[in-house]
1. What's the number of the only condition in (1) in the same structural domain as residue 3 (by TED's automatic domain parsing); (2) in contact (Cβ under 8 Å) with a residue 12 or more places away in the chain that residue 110 fails to meet?
2. What number of residues in segment 15-51 are touching a Leu at 6+ places or on another chain (Cβ under 8 Å) and either touching a residue at least 60 places away in the same chain (Cβ under 8 Å) or at positive phi (or both)?
3. Can you confirm whether segment 51-64 contains a residue that is within 30 Å of residue 109 (Cβ to Cβ) and either part of a helix (DSSP H, G or I) or not aliphatic (A, V, I, L, M) (or both)?
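The values are calculated or read from the model by the stated rules, or taken from the named source; none is laboratory data. Because the structure is predicted, anything quoted here is derived from the model rather than measured. Using ideal geometry, Cβ is built from the backbone for each residue, glycine included, and neighbour counts are taken over all protein chains shown.
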Amino acid sequence: MTDLPQYYFRIRDNGAIVFRLDTQNPHRRIEMEQIALINTNRGDFKPHGDQVLTDADTDAIQTWLTSRMATLAQRSIDDIHRTIDHLNLTTQWAQSKATDEQLAALTDPLLLAMHDLRTVLVRKKADRLVTGQDT
């Protein structure tokens, strides 16, 4: 059997459940003991139940949390780049392939979403210009 990590992080909405792995048991099975819950929205974690986390537990969890938050931030930016691509593809679709019925069904929701986005972007850009943070 290959060496397993000491901890397993089960991803869930807004965080993870942390398990300490034990392979050193008489049955040679992988035992998973839940030790903590991580909340990536708040950037924190707490022991599960009456668990007392060791320094090694805390270090491993903090390292994972820092890495996970960086991954989620990068994914968020990637999603925005995909949104720009989708907007361009939607423009091409509306211009060349959409039927009148499809446009009638989608024009108002698209215009409202784009208006909302434009309003936020313009306000944020104006705020950056006022504070001298926009280049």
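1. Every listed condition holds for residue 110 apart from (1).
2. The total comes to 2.
3. No.
For every residue, the table says whether it meets (1) closer than 27 Å to residue 11 by Cβ; (2) surrounded by 11 or more Cβ atoms within 10 Å (Cβ to Cβ); (3) over 22 Å from the mean Cα position of the chain (by Cα).
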residue	(1), (2), (3)
77	yes, no, no
80	yes, no, no
83	yes, yes, no
98	no, yes, yes
101	no, no, yes
108	no, no, yes
112	no, no, yes
121	no, no, no
